[in-house]
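K.L.:
Pasting in a structure now, in structure tokens, and then I'll have a few things to ask.
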Amino acid sequence: MKVSILIPTFQEGRYITRCLNSIITNEYDFFGTDSEILVIDGHSTDGTRDIVAGFIERYPFVKMIDNPDIVQVVGLNVGLKLATGDIIIRCDAHSEYPRNYVSELVAWHAKGLAANIGGCWVTLPGDDSIRAQAIAEVMRHPVGVGLTYRTAPEGKERFVDTVPFGSWKRETIESVGPFDEEFIRAQDLEHNMRLRARGEKILMLPWLRIRYYARESYDKAASMFYQYGYWKNKVNRKFGTICSLRQLIPPLFVLGLITLAIGACCSPVITGLLIAYLALYIVPILAFSLLIIFQQPPERRSFGFFLLIAIAFFMTHFSYGFGYIMGFINIILLRRKDLAKNLTNHTR
């Protein structure tokens, strides 16, 4: 069966080689099935295009397409228009894929159990720094990001709300339509909500472990989680419902923190409540951080690593929660249209 793999890129020079190598060395026969790997690039200037050009010289099924806009969702739709495969698989340049990834997705689509099928993440540090390792630990911990495909254990296949990246039969995309380009972020969540509204199912194959490289610095990770929270509101507004109850926990935490901090300026009683509120959050976070430390090899058990993990927990929760609050104000209450102005960059 012919497969089209779509990889939208912008400034992915650090990761694209590992990504493409992992796909090209898959067990799937790209030559025999006339399959294709489409790299849709938003005019990168960091060497991404030169690296992809090198792959094109060696593998004729790898092609590079220009994205007229650096925004990822536009690149995805460019790829969908040009893809010729019976199965369309979205991949991310920040990731590496297991050798059976393509063949497993094709085989499970043949069973007709779901409209969108994907694997789950094994989150890895973005670089070798201890800070990047702390961020990765939090991103693969249920207390950090909740019980999602980021933290899913291996086991039997199961139906879920969303999967990383995704794969579809061509007729599914033709029926439900492309990604909504108003969603500069959360386009995959919006697309899955559309599928589910039609009664379609989304299937996770938890043994397909995608090696995902997390952001390597607090500012990049904070920006990413802020945008995740911000753009959830646009999905909520479009469908008139929240995606899940767990998405409300961080904004409620941040709202309580801000409210008590303002009140503490006027009342010693509220100051006491603020201290108690912070203690109820900080004590469990320190405990979970300590548990993570005990799970590390002896050479990595340090007080500094412990503190960086605790900071990463707070950064994740606060950034997502504050982004959600700002998105609720701008998207739900003020119903602003100029949402792209809230992006500091367009990379993933």
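Please treat every number below as a calculation from the coordinates, not as lab data. If you're wondering where the values come from, they're calculated on a predicted model, not measured in any experiment. With ideal geometry, Cβ positions are generated from the backbone for all residues, glycine too; neighbour counts draw on all protein chains shown.
K.L.:
In the chain, what percentage of the DSSP-assigned beta bridges are antiparallel, given to the nearest 5?
P.N.:
Percentage antiparallel, nearest 5: 25.
K.L.:
For Thr123, what residues show an amide H to amide H distance below 5 Å, using hydrogens built from the backbone and excluding near sequence neighbours?
P.N.:
Those qualifying (amide H under 5 Å, at least 5 residues apart or on another chain) are Tyr212.
K.L.:
Compute log10 of I(q)/I(0) for the stretch 144-251 with the Debye formula, placing one identical point scatterer on every Cα and leaving out solvent, at q = 0.11 Å⁻¹, to two decimals.
P.N.:
-0.39
K.L.:
Hey, another quick one. Lysines within cross-link reach of Lys156: Cα-Cα under 23 Å, excluding same-chain residues under 8 positions apart?
P.N.:
Lys111, Lys169, Lys201
K.L.:
Here's a follow-up. Can you return the aspartates and glutamates within cross-link range of Lys2? Criterion is Cα-Cα under 13 Å, with same-chain partners fewer than 8 residues away left out.
P.N.:
Asp29, Asp34, Glu36, Asp86
K.L.:
For Arg336, what residues show an amide H to amide H distance below 5 Å, using hydrogens built from the backbone and excluding near sequence neighbours?
P.N.:
Amide H to amide H, under 5 Å and 5 or more residues apart or across chains, Arg336 pairs with Ile331.
K.L.:
Related question: Just to be sure I understand the model, the point goes 7 Å from the Cα along the line to the Cβ. What's the resulting Ala287 to Leu245 distance in nm?
P.N.:
Label at Ala287, label at Leu245, 2.1 nm between them.
K.L.:
Can you run phi through the Karplus equation (6.51, -1.76, 1.60; θ = phi - 60°) for the stretch 98-106 and list ³J(HN,Hα) in whole Hz, with x for Gly and Pro?
P.N.:
x, 5, 9, 4, 5, 5, 5, 4, 4
K.L.:
For helix 130-139, what angle does its Cα long axis make with the longest principal axis of the chain, in degrees from 0 to 90 and rounded to 10?
P.N.:
Around 80 degrees separate the two axes.
K.L.:
Suppose R0 equals 41 Å; then what is the FRET efficiency for Trp207 and Leu334 from their Cβ-Cβ distance, rounded to the nearest 0.05?
P.N.:
0.40
K.L.:
Could I ask something else about it? At a Förster distance of 30 Å, what's the computed FRET efficiency of Leu113 paired with Thr17, Cβ-Cβ distance as r, to 0.05?
P.N.:
In this case the efficiency is close to 0.30.
K.L.:
Tell me, what ³J(HN,Hα) does each residue in the stretch 316-328 have, in order and in whole Hz, if you take phi through Karplus 6.51 cos²θ - 1.76 cosθ + 1.60 with θ = phi - 60° and put x for Gly and Pro?
P.N.:
So the J values, rounded to whole Hz, are 4, 5, 5, 4, 5, x, 5, x, 5, 4, 5, x, 4.
K.L.:
What size of dipole, in debye to the nearest 20, comes out for the chain about its Cα centre when the only charges are +1 on Lys and Arg C-beta atoms and -1 on Asp and Glu C-beta atoms?
P.N.:
Dipole size: approximately 980 debye.
K.L.:
Something else: If amide hydrogens are placed 1.01 Å from N in the peptide plane, which non-local residues have theirs closer than 5 Å to the one on Ile65?
P.N.:
Amide H neighbours of Ile65: Val39, Ile40, Asp41.
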